[in-house]
Every structure is written in C-alpha cells, then in structure tokens.
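The values are calculated or read from the model by the stated rules, or taken from the named source; none is laboratory data. No experiment lies behind these values; they were computed from the predicted model shown. Every residue, glycine among them, receives a Cβ derived from its backbone with ideal geometry; neighbour counts consider all protein chains shown.
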Amino acid sequence: MLTIGLDTTVLIVALPTLSGDLHASNAQLQWFSTAYTLVLAALLLPAGALGDRLGRKRVLLAALVVFGAASAWCAFAPDAGNLIAARAVLGVGAAAMMPLSMAVLPILFPEPAARTRAMTIWITAMGLGMPLGPIIGGWLLEHFWWGSVFLINVPMIIAGIIAVALLVPESRSDEPRPIDLLGVLLSSGGLAALTYGFIQLGNKSWTNATGLSAVAGAVVLLAVFIAWQRRAAHPLIDLTLFRNRSFTGGVTLATVVNFALFGVMFTLPLLYQSVQGHSALETGLRLLPMIGGMVVATRIVEKLIERTSAGIATGIGYGLVTIGLVVGTFTDAGTSYGVIATWLAVIGFGFGITMPTTMNVAMNALDVQKAGVGSGLIQAMRQAGGTIGVAICGSVMIAGYRADLGQYRRPPITDGVGPGMAVAHRSGSGDMIHTVQTAFAHGMSSMLWVCAAVCLLAAVGGPLMLRRPARPDDEPVTLSAADPDADIDESESVHVRN
C-alpha cells in the first residue's frame, strides 16, 4: 500500500521532465495519469471478486508481479505511447493489490483488537505514501533520470512478494460462485466512464460536452448495474451491505477523506512550486508536517476509540481537519512556512484519526466470505470520491483564480497559475506577478472553503452515522464483526438480545 500511495503522487513532480525528455504533448501528459486511474477504477470490483473465487493470496501475488513488471516498463519506456500503456498495466496490478491486501486482514487477524491495529497500519501506509511521493520523486529527479521515480517501486514490490508468499495464508470464499460477467462489464464501464467524465470536467470546464456525456453514460450504466444486481442469481456485489448502517456510514465517511485529501494534495504543490518557486524536492519536504500529524494520530486513535466510540472519534478527526482547512484559507504567497506547517499538521492529525477509523468500521461490517469484493467496493467508492474531489476542487480553484486576474485575464495566464507565473516572470512586471499570486491565493482559499464545508458536514454527521444502535441492556456477548447481519459500528463487545 505504501508503494501505491507513492505511485499516486510521485508522477506529479516528474511531469515537467517527462514533457521535455519524451516530447510529450499536454494531452499525453494528462493520459500518463488518466490511463492508470481509469483502469484502476474499472477493475477494483472484478479484481476483488476474482480473489474471493480463485484465492486471495494467489491473485495478490499475481498483482504484485504485474505491478512490478509495469513499473520497470514505465522506467524504461522509450516514448510517451509506451509510458501510457505501461501506466494502464500498472493500474491492473493496483486494482487487485488495493482490495485484496485489505481483504486478507480479517484472515490474518481474527481478533478485533489486532485487526484494528492492522487496518490502522494499512491505512497509514497508503496515507504516508501520498505526501512522500513528491519528496522521494523530487530527490530522485535531482540525482537520476526520470525513470527512477518508477523504478523505485521494484525493490518494494519484491519485498512485498516475499512477505506475502511466506506470511499470508491462502483464503477464498467457501461458496465459490460463477463470476457475474454482465455485472463486471456494467460496473467497470460505469466506473471508468464516471472517472473519465469528472477528469474532463475538472481539466476543461463543467460545460464540456465530452465530460458531461461520459458522466451521463456512467449514471445510466451504474443504474443498470444496480438493477441487474437485484435480479442476478450470483450478483457481483451484495447490495444488502448498504442496509448495514456501519458499512454505509463507514464507506461514505471514508470517501469524504479522499475528497479532502486529494484537494489538499492537488493545491499545495502549486503553491510551493509555481507561486513560491521551490523545487520538487523542497515542495515534498514542505509536506512533512502533514505526515507527522498522521503518524502521531495513528498512535492514539485506538485509545481514542476505546474511550469514546468510532462515531465520536470520526467527529473529532473531521473537526480537526475542518479547523486546519479554515486556517489554510487565509494563506497567500507571503504566508510564512511556520503558519502553513501548523495547519498542515492539524489536517494530518485529523486525517490520521478519520482514515483508519472509518475504514475499520466499513471493513468490520463485511462477511469474511465476501471480503475481496467487499473491499473492492470500498476502494471503488473511495477512488470515485477522490476523482470527483479533484475535479470539483480544481474547478473551484481555477474559477476563483480567473475571477481575480483583473486586467490580466487572458490566455495563457487564464490557463492556470503555472503558465500565469511564467508569463509574469518573462514580462518582468511586478504588478503582474503580484496579481497572479493574489489570484491563485483567492482560488486556493475558495477551494479550501469547499473542502472545509464538506468536512464540517462529516464532523457533524459522523457521530450520527456511526452511533451505536439502541439495544436492550442484556448480558453482553462478543459478536463477531464478520457477521453480515450484525449492525455494529466497531470491533468491540456489544449488547445483543439473548
């Protein structure tokens, strides 16, 4: 999961180098990321179902091999077309690694307390990988060629293959069922179309015909998919999962985490590099306070849940994220790093509480027999949340930026802060530089206010969505979190009717 987290963001700092060395067009630069994202979104559900049927360890090992081989292909890609194809294959490996690495946790750790700790480590690994990507990528680009940012995956994947082969037991569903091929086609097409549509809307405009058509097509495909799942003899996903308040609440709140996290990760590199003029490595290092906040929070989250509840812990975490985001809205080009580092650390601390807590709640509501496809469903919704978050946040930011450009509101300045600052520096106009910087700060502030509003809703709604169900105060009996009929919100003893 650390490898996937790194790969999600390491490409950001490499794009300028790739543009020059591979002579990649703007469209090709976009597809370096889009190819990976589309394949990942499309295959999460079928990959989880395949693991349940064929064996989670077997499919996970195969996925690791594919991911490692695709990383090497990326590193030595001779041209842009090869890199796009390699990134798509990389998405195939990640699509199985994400749900199945989560699905084996209930098998490895049957005891609720141990499973909670394992899930916290799982979440933390991916969470740390995202801000570490620019740091490691920036350092590699300063010392080696661009392919090194992909080649770094290979030794990590080799270590993962050895660990899975030696330590993870094989597991599969006791009731293997035929693969729902129609369900696979409908869900894959719908999720891919939804992802592509929001990427187009975010990169171009909310009136873009291609983006709107893709989203509309996705809605139709997913609606047909849901209708088919109600009728299919062997559905791809169990829709009754959403009757479980813990699962629905946990997945919803976990998706909001990705919305806010991707929004912050989308904006801060632009502030550091385009506005303040820092290098890729310096940009990555300036994200360390968020990592530090996450690490500290994961050390206390279990005790916080024990003393309160999953719902209250989620509310506290989202409350901290909201506070950090609100403080961040006052950031501009001249804000000191100490101030930025402080609100980043607060956000990281909040993420460190909410991410493992919400994922634990959702995972504990799953039947172990369907852990693969259930984990795939969780990851698919989180991935969609992150994609939609980037599209919305990017659109809000660019709209705020353009609205504040005044007399300089013209192409290519209106294309974004990067082109805007480039034009301003070439012109030598201090007024233009100041206007572009101020306009970006206005756009970033608008975006952070949107994220803060979403997180505030989650802070208020979290305790309500994950509250303990009312039950008679009878003899306490430990109820297995794997019971699909259990409507519980955390891994602990609850009162049940005798």
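Values as computed for the structure displayed
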{"quantity": "Residues being more than 25 Å from A380 (Cβ to Cβ) and either of a type outside the set (D, E) or in the same structural domain as M363 (by TED's automatic domain parsing) (or both) - total across region 99-111", "calculated": "1"}
{"quantity": "Residue that is farthest from the chain's Cα centre (by Cα) [pool: residues in region 215-249 that are among the polar types (S, T, N, Q) and farther than 20 Å from D180 by Cβ]", "calculated": "N244"}
{"quantity": "Helices (runs of 4 or more DSSP H) wholly inside region 1-93 containing at least 3 residues that are among the hydroxyl-bearing types (S, T, Y), under 19 Å from the mean Cα position of the chain (by Cα) and not assigned by TED's automatic domain parsing to the domain that holds L166", "calculated": "none"}
{"quantity": "Scan of region 311-339 for residues that are farther than 13 Å from A458 by Cα and touching a residue at least 60 places away in the same chain (Cβ under 8 Å), ordered by number", "calculated": "L325, V326, G328, T329, F330, T331, D332, A333"}
{"quantity": "Test: T207 is more than 24 Å from the chain's Cα centre (by Cα) and either buried (at least 16 other Cβ atoms within 10 Å of the Cβ) or not assigned by TED's automatic domain parsing to the domain that holds G372 (or both)", "calculated": "yes"}
{"quantity": "Residues (of a type in the set (S, T, Y) and either farther than 27 Å from R286 by Cβ or at pLDDT below 90 (or both)) located in region 332-353", "calculated": "T335, S336, Y337"}
{"quantity": "Total residues in region 229-253, condition closer than 21 Å to P46 by Cβ, of a type in the set (A, V, I, L, M, F, W, C) and either at pLDDT 90 or above or surrounded by 17 or more Cβ atoms within 10 Å (Cβ to Cβ) (or both)", "calculated": "5"}
{"quantity": "Any hit, region 172-182, residues being out of contact with any His (no Cβ under 7 Å at 6 or more places or on another chain), farther than 30 Å from A62 by Cα and either surrounded by 14 or more Cβ atoms within 10 Å (Cβ to Cβ) or at pLDDT 80 or above (or both)", "calculated": "no"}
{"quantity": "Those residues of region 400-414 which are on the phi < 0 side of the Ramachandran plot, loosely packed, with under 15 Cβ neighbours inside 10 Å and assigned to a helix (DSSP H, G or I), in sequence order", "calculated": "A403, Q407"}
